Each structure stands twice: as C-alpha cells, then as structure tokens.
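As structure tokens, the structure follows; a few thoughts come after it.
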Amino acid sequence: MTPSLEALAAELEQVQLPSFNYAIAWQIGAFIRGEAAARDMPIAIEVAHGDAPVFLAVMPGATPDNADWTRRKRAVALRFHRSSLAMRLECENYGWDFSKRFRLPEADYAASGGGVPIIVRGAGVVGTVAVSGLPDVDDHKLAVAAVRSLM
C-alpha cells in the first residue's frame, strides 16, 4: 500500500538520528544487505554521507541499472530533503512531470521510491540511504526500516 504524503512527512520526523558518521552509514547498509540476503532480494544498496557513497552493494540478481537508480534516488533525497517516494507522489498528485517541473536531467535524478534522506535531529540532512530493485514503495520501506533499526 502506498503511503500518503502526510504519512511520509511524519515518518521522516520519526526517523531522525542523534548522530551520523561512516560507521553508522555502514550499519545501515549492512542491515539492508542482511535483509536482502535472507530474503533473496535482487537489490542495489547505497548509503552516503553527504554525497559521498560510504556503503555500496549489489545483491545477486540485481543489475548495474539498479546501482544507477540508487545514485539517482540519492540525488533526489539530497536535493529536496524528502524521500524520492514523496517527490514521486507529489508530482503525481499535481500532474507534474518531475524532470520538467524541477528542470532536472533524468540521467541524474529519479523520483521513484527508495531514496531517503538521513537527518540528524537539530542538524538537518547529512546523508542518504537508497535501495533499488523492488517495487518502489518496498524499496522505500526497506530503506526506512534500516534507519529505524538504529533507534
């Protein structure tokens, strides 16, 4: 089931971390990798500190395209400080073409669920987690579950 924009905004408030560094980025990535391995998920995973990738993995069955999708979803989460799923839903609600509305190249930005900003409470967006390979709502849920696993 696709969440509402309001639910996504509330979720982002709930998953703010007290701190974030490379070790925490690795924990988030390792959580997702563990879930993917246990459930045979053909996904790509990227966790970034700022715009620097810290954790990258492509699971069996995923393709290089999935890794490219994580990069593009990361770019959306970093630029808008919202999940890439929220951006997709907002564009759908208003009938906007994402790339045209925001004048962003499709080769670099993807408004499709799976990119989630990592927010440190009181500091703001400090990184992202991105997943690609499942239906986009499931990509999003897995990314959020990984951040929640640290709380």
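The values are calculated or read from the model by the stated rules, or taken from the named source; none is laboratory data. Everything numeric in this text was worked out from a predicted model, so none of it was measured. All Cβ positions, glycine included, derive from the backbone under ideal geometry; neighbour counts span all protein chains shown. For the accessible areas, the whole protein counts, side chains as well, though only heavy atoms, and no ligand, DNA or RNA atoms are used. Shrake-Rupley method; radii C 1.70, N 1.55, O 1.52, S 1.80 Å.
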Check: From the phi of every residue in segment 138-147, what ³J(HN,Hα) in whole Hz does the Karplus formula 6.51 cos²θ - 1.76 cosθ + 1.60 yield, where θ is phi - 60° and glycine or proline is x?
Finding: 5, 4, 4, 4, 5, 4, 5, 4, 5, 5
Margin query: Can you give the local net charge around residue 75? Use residues other than it whose beta-carbon is closer than 13 angstrom to its beta-carbon, Lys and Arg +1, Asp and Glu -1.
Written below: +1
Margin query: Suppose each label sits 7 Å from its Cα in the direction of the beta carbon; what would the residue 14-residue 63 distance come out to in nanometres?
Written below: 3.5
Notebook entry, point to check: For residue 37 and residue 22 in the same chain, what is the full-extension length gain: residue separation times 0.36 nm, less their Cα-Cα distance, in nm?
Noted result: 3.2 nm
Note to self: If you average the alpha carbon positions of segment 12-36 and of segment 72-151, how far apart do those two centres end up, in angstrom?
What the structure shows: 15
Note to self: Applying a 10 Å radius around every beta-carbon, put 138-147, 43-52, 15-24 in order of their mean neighbour count, most first.
What the structure shows: 138-147, 43-52, 15-24
Item checked: Nitroxide proxy distance, nm - points 7 Å out along Cα→Cβ at residue 123 and residue 97 -> 3.9
Checklist line | Square roots of five times the Cα gyration tensor eigenvalues for segment 1-47, Å | finding: 22, 19, 7
Margin query: Can you give me the accessible area per residue for the chain, using a 1.4 Å probe, in Å²?
Written below: 49
Check: In terms of solvent-accessible area of protein heavy atoms at a 1.4 angstrom probe, what is the ranking of 148, 121, 74, 103, highest value first?
Finding: 103, 121, 148, 74
Item checked: Nearest-20 debye value, segment 1-101 charge dipole, Cβ charges on Lys, Arg, Asp, Glu -> 240
Next item on the list: Using label points projected 7 Å from each Cα along Cα→Cβ, tell me how many nm separate residue 56 and residue 108, to one decimal.
Entry: 1.8
Check: Of all the accessible heavy-atom surface of the chain, with the other protein chains kept in place and a 1.4 Å probe, what percent is carbon and sulfur?
Finding: 53
Margin query: From the phi angles alone, apply the Karplus equation (6.51, -1.76, 1.60; θ = phi - 60°) to segment 123-128 and give each ³J(HN,Hα) in whole Hz, x where the residue is Gly or Pro.
Written below: 10, x, 6, 10, x, 8
Note to self: Can you tell me how segment 1-125 classifies by the Cα gyration tensor, rounded, prolate or oblate, using a/c under 1.5 as the rounded cut?
What the structure shows: oblate
Check: Computed over the Cα atoms, what is the radius of gyration of segment 53-151 divided by 2.2 N^0.38 Å, N being its residue count?
Finding: 1.04
